[in-house]
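This report concerns only the one structure given below.
The values are calculated or read from the model by the stated rules, or taken from the named source; none is laboratory data. If you're wondering where the values come from, they're calculated on a predicted model, not measured in any experiment. No Cβ is skipped: glycine too gets one built from the backbone with ideal geometry, and neighbour counts run over all protein chains shown.
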Amino acid sequence: MASHTLSPFPDELLAAKKQIRERARSYGLDFFPVIFEMCDYEQMNQIAAYGGFPQRYPHWRFGAEYEGIRKRHHYGLGRIYEMVINNDPCYAYLQESNQLVDQKLVIAHVYGHADFFKNNLWFSQTNRKMMDEMANHATHVRKHIEKHGQDVVERWMDVCLSIEHLIDPHSMFMQRGPNDTPHEQPKRQESQVQRFKTKDYLDRWVNPPKALEAEAKKLKSERDKMRHATPSRPTRDVLLYLLEHARLEDWQADCLGIVREESYYYAPQGMTKVMNEGWASFWHSTLMTKHFVEAKEVIDYADHHSGTVHMPPGNFNPYKVGIELFRDIEDRWNKGKFGKEYEEADTLGEKKKWDKGLGLGREKIFEVRRVYNDVSFIDEFMTPEFIEKHKFYQYGRDPHTGQLRIISRDPQRIKQTLLYQLTNMGQPFIYVVDGNYANRGELYLAHKHNGLDIEIKFAVETLKNIYKVWQRPVHLQAKIDDDMILFSFSGDQPKQQTIHDDLPKPAHQI
């Protein structure tokens, strides 16, 4: 990858940056200090390949990403205008070859992102010194490479990266407690056997001793099983469970811990992509249109802004969806288009003319920016009227002509499909439900079905890599076409079977 001295910051752009920063603050934006750096296109491509950081651990995927970005730029298929890092201070990068109007647009956009990083709840638990932490991670991995060899460490990083999404993003906001809390046993275990109240002379028939004894044995067996169960409840942070229970060498655990830590850092960005880009676009549009576009720049600005938010039929552009939702929320709360009275309005015409003059829009969008993520944002604010106004329909290819056509205008179906795609950043919900399956030390995972099936091909390949970490047989329970299937891998060929009652049960069900 290329590496050069950073380009100087032009005086004209430096002055514009200060003006945009102060104007953004006057609108109520609140952000960490933002350090802008000017890069040539090769530096920009390198930093983009590293996920926005100047240093990362050595791995082939960063080189592959760099080549892909470089070729897209070379053939005119795309260029990078900005990058900004969630850090304190924030770091942002500008490409020196862009026009001045583009640079001003990007600076305004960056201040929107910086405000979102600092104030959105879902970023509140992230490491604000991740620039330094990424450099530390790079040093750790290089030391492992020096000791164990490039190929060995890189193959292990391949395994770790293939399961990097198996975390629990919500765990940052709640205290779930340890996964292996011992189960307390009641002092009088016989009290758990249910006895029915009856007359004394009927007791031996209503509560037959043999039946009670059998029930007591069954309860004892279940208690004994749970006493040794691990985890003590289903856990979604698969990576943490592997770190705590897999037989790993110290350097392997360190690499897996690095991947897990970085996954938690990036998770809020995946959970708020629509909101974050929408918020930044809302503010670059507001600041530029009202204050920083000169007459000679209007056409270029309009062309580049429209390109940012353009969304062809059948596509999904988070910039477009996000900015339009924030604009709609501001308009609705300014006019009072919310609440019981508005919802009970008799006609569509009455709702269109509705305007209580409340002027609460700006306050509301700042509140939304503070507490929502993409799923709750779209679920609450993407109304049927909004879907119809912006023609956010569901599209599909005609099997006969191959042409794109509308397959649904149902707003509930459209929104539900979008929510499925955004929930858990589009990744399946996977839980560890038994780390000692069938008392053989095997790992049993379960897919929590949320309406969408898992991709079998990817599930099996992931299972193979989890086996490399666990080093013992691993299983994955998943619902496929209404059947509950158990996928298994023990180092040879993957197997699958329909789950029947005669199969051993895992410690937990989800």
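Before we move on, is Asn119 of a type outside the set (Lys, Arg) and closer than 26 Å to Glu367 by Cβ? Spell out the reasoning first.
Values: of a type outside the set (Lys, Arg): yes; closer than 26 Å to Glu367 by Cβ: yes.
The answer is yes for Asn119.
Pairs are defined by a Cβ separation below 6 Å, a sequence spacing of at least 6 or placement on different chains, a first member in the stretch 152-169 that is in contact (Cβ under 8 Å) with a residue 40 or more places away in the chain and charged (D, E, K, R), and a second member that is crowded, with 16+ Cβ neighbours inside 10 Å and assigned to a helix (DSSP H, G or I); the pairs so defined are Glu164/Val259; Glu164/Ser263. When we screen Val259, Val293, Val274 for residues that are within 17 Å of His140 (Cβ to Cβ) and outside the structural domain of Ile378 (by TED's automatic domain parsing), the only hit is Val259. One residue stands out among those in the stretch 425-438 that are farther than 13 Å from Val474 by Cα and out of contact with any strand residue (DSSP E or B) (no Cβ under 6 Å at 6 or more places or on another chain): the one that is surrounded by the most Cβ atoms within 10 Å (Cβ to Cβ), which is Met425.
Going through Pro411, Pro384, Pro428 one at a time, which residue ends up being over 30 Å from Ala459 (Cα atoms) and touching a Lys or Arg at 6+ places or on another chain (Cβ under 9 Å)?
Among Pro411, Pro384, Pro428, only Pro384 is over 30 Å from Ala459 (Cα atoms) and touching a Lys or Arg at 6+ places or on another chain (Cβ under 9 Å).
Look through Arg332, Arg260, Arg247, Arg327 and report the one residue that is assigned to a helix (DSSP H, G or I) and under 30 Å from Asn465 (Cα atoms). Break it down into steps so the answer makes sense when it comes.
Working: Arg332 fails: under 30 Å from Asn465 (Cα atoms); Arg247 fails: assigned to a helix (DSSP H, G or I); Arg327 fails: under 30 Å from Asn465 (Cα atoms).
That would be Arg260, the only listed residue that is assigned to a helix (DSSP H, G or I) and under 30 Å from Asn465 (Cα atoms).
Residues that are touching a strand residue (DSSP E or B) at 6+ places or on another chain (Cβ under 8 Å) and closer than 25 Å to Gly307 by Cβ were ranked within the stretch 44-65; the one that is surrounded by the fewest Cβ atoms within 10 Å (Cβ to Cβ) is Ala48.
Which of the strands (runs of 3 or more DSSP E) found entirely inside the stretch 386-494 contain at least 1 residues meeting this: of a type in the set (A, V, I, L, M, F, W, C) and farther than 25 Å from Ile163 by Cβ?
Working: elements: 394-397, 404-408, 429-437, 442-448, 474-480, 483-489.
Answer list for the stretch 386-494: 404-408.
Residue under question is Gln189, and the condition is that it be of a type in the set (S, T, N, Q) and either surrounded by 11 or more Cβ atoms within 10 Å (Cβ to Cβ) or modelled with pLDDT of 90 or more (or both); does it hold? When the stated conditions are applied, Gln189 passes them. Here the strands (runs of 3 or more DSSP E) wholly within the stretch 1-110 that include at least 1 residues being β-branched (Val, Ile, Thr) are 34-39, 82-85.
Going through the stretch 344-369 one residue at a time, which ones are part of a helix (DSSP H, G or I), of a type in the set (A, V, I, L, M) and more than 36 Å from the chain's Cα centre (by Cα)? Reasoning before the result, please.
Let us first name the residues in the stretch 344-369 that are part of a helix (DSSP H, G or I), namely 348-353, 361-369.
So of that shortlist, the ones also of a type in the set (A, V, I, L, M) come out as 348, 365, 368.
Answer for the stretch 344-369, where residues must be part of a helix (DSSP H, G or I), of a type in the set (A, V, I, L, M) and more than 36 Å from the chain's Cα centre (by Cα): just Leu348.
Output the residue which, of all residues in the stretch 66-87 that are surrounded by 18 or more Cβ atoms within 10 Å (Cβ to Cβ) and charged (D, E, K, R), is farthest from the chain's Cα centre (by Cα). Only one residue fits best here, namely Arg70. Among the candidates Ile80, Ile107, Ile35, Ile47, the residue that is within 30 Å of Lys143 (Cα to Cα) and of a type in the set (Val, Ile, Thr) is uniquely Ile47.
Taken residue by residue, the stretch 129-138 has no member that is assigned to a loop (DSSP other than H, G, I, E, B) and either at pLDDT below 95 or touching a His at 6+ places or on another chain (Cβ under 8 Å) (or both).
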